[in-house]
Amino acid sequence: MPSNSKLLNYLSDKTGNMTILAAGSLTVIMLAVGAAIDISDLASHKSSLQDATDSAVLAAVISGETDIDKLTNIAREAFDANFIASGNESIANFNLVLAEDGELSLETQLEKPTLIMSAMGMDKHLVSAEAASYMVSSMPIDIALVLDRTGSMAGPNLAGLISAATDFISSLDSGDRDVRVAIIPFSDYVNVGVNNASERWLDLSGVGPEGSEVSCVMEDLSSSSCLATGLFGPPPSGSSSSGATSSSGSCTTSTRSTSSSGSTATSSSTTCSGASTGGGSGGTTMSWRDVSVSPSGAYCTASSNTQDVSTSLVEACVPVDANENWFGCVGSRGTPDNTRSGYDGRKVPPIYNRTCGQPMTELTDNLGKARREISNLTASGSTYIPAGLQWGWRALTPSDPFDAGGESDRKKLLILMTDGQNTVSQNGAEHSGNDYAEANDLTQALCNEIKSASIELATVSYSNGGMASADGAMLSGCASSESLYFLANDTKSLLDAFSKAVNKTNEIRLVR
């Protein structure tokens, strides 16, 4: 039996144990280092493969070819020029697909042996990449035409605008591209349409409640007081019963009533002697428009714009129990909501007792309808560019007010056209101030916000046959790039500006 000292010496001798532990630890460390090397090498190849796949798709799209076999050859040549596989690597998949909507997509896959991890039974890696782009002029696009309809546009300017814009929309309608267009005529205000009276984003609380009666009269606007204020008084005394008549200036006025919970009113008319010619001889017959009935009340729409001609007639409609009259015009929310497009619980204020041109047209793929709306443009009012920008932006935004086109793969383009500078500024909810510098600052702020929302912004300074008075520096600064700012001094150059704005937004980019 060994002595105690020898036993203790034997038990304390750990040389062999340490050798075994060291060997085991070294194996784990080597495997971990090997895995790290493999993973690093894999990441490097993944990046290179993705770059080559991106380049291949873009080369095919730029080529202008449409045949899938030719496109595949072009893409493969570009891919091979940017990715060189080593002797023990191979391309396991190279699949180019041209979809019906014009999207060209490419999937690639690299089969690559592992360096160290094969010792653990993992002898190869598969590395994948994917890229896609739209063929030139194939990507779906939404276009908001924000068009100046102020008083200075009357005459040749408006005629040229109508001609250029209708031809432009016709050109969009001639191809197979998926196109939607919104029309936003603006002056000092924008008309969002009385059909939106019940929308939650509109703060239309001052008009008659549901079930209230609305009395409509044909107002003669030849008096200076009406023209100066743009206001309509309540219906003449005794005119609230259906079929009654009363005298309003030089007009014999027929009136009618309707209820938002009642039946649809029928058409009638009034004849005014000489009202449309400033008191000259002859008569003018104006027809009633349909009364618009909504859950929040009943309203009538204007039958002609009060600002178009100094002696025009308008159908003035007032809820019997409220001395306020809404024709679709809206003002601005306070700061900072006046630089935001979304509803977010902050309602838009209506502007009562005045008109501001025809209603805007929300995004539509009915380009025939868009052309018709363009042909009905009129000119009147002062210039407040932020109003046009606010509603052009909203027309393209996938949230309230209009929930327009939320698809991320649609190009979005806003074209702002004006012949002048800001001549009013925001004053509370109204646009009746005279701080032009403030209006210009807000214009620039809105342009910046629109561009940051991934919307291409083109600007056009326009005058048909003369020099536009628009602020060129401000418009140039608003545009997404120098190439998207245009000067147009006739109908042809305006049409060219619209078309070039679309073509420049066709610059090829990857969508994934």
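The values are calculated or read from the model by the stated rules, or taken from the named source; none is laboratory data. The structure presented is a predicted model; accordingly, all values stated were derived computationally and were not measured. Quick reminder, even Gly has a Cβ in these numbers, built from the backbone with ideal geometry, and neighbours come from all protein chains shown.
Points to keep in mind about this one:
- For Asn464, the stated conditions do not hold, so it cannot be described as touching a Pro at 6+ places or on another chain (Cβ under 9 Å), assigned to a loop (DSSP other than H, G, I, E, B) and within 17 Å of Tyr384 (Cα to Cα).
- Subset of the stretch 62-108 (residues that are in a strand (DSSP E or B) and under 21 Å from Asp178 (Cβ atoms)): Val97, Leu98, Glu103, Leu104, Ser105
- Residue match in the stretch 393-406 (condition: of a type outside the set (A, V, I, L, M), surrounded by fewer than 21 Cβ atoms within 10 Å (Cβ to Cβ) and modelled with pLDDT of 90 or more): no
- Residue that is modelled with the lowest pLDDT, among those in the stretch 334-353 that are within 25 Å of Gln421 (Cβ to Cβ) and surrounded by 21 or more Cβ atoms within 10 Å (Cβ to Cβ): Ile351
- Comparison of Leu475, Leu487, Leu413, Leu495 shows that the only residue that is farther than 19 Å from Gly331 by Cα, within 21 Å of the chain's Cα centre (by Cα) and assigned to a strand (DSSP E or B) is Leu413.
- For the stretch 109-123, the candidate set comprises residues that are in a strand (DSSP E or B) and touching a helix residue (DSSP H, G or I) at 6+ places or on another chain (Cβ under 8 Å); within that set, the residue that is modelled with the lowest pLDDT is Lys112.
- Filter pass, Leu145 being closer than 30 Å to Asn191 by Cβ, at pLDDT below 90 and in contact with a strand residue (DSSP E or B) (Cβ under 6 Å, 6 or more places away or on another chain): no
- Screening Glu373 with (1) part of a loop (DSSP other than H, G, I, E, B); (2) at pLDDT 90 or above; (3) under 22 Å from Ile162 (Cα atoms) gives one miss only, at (1).
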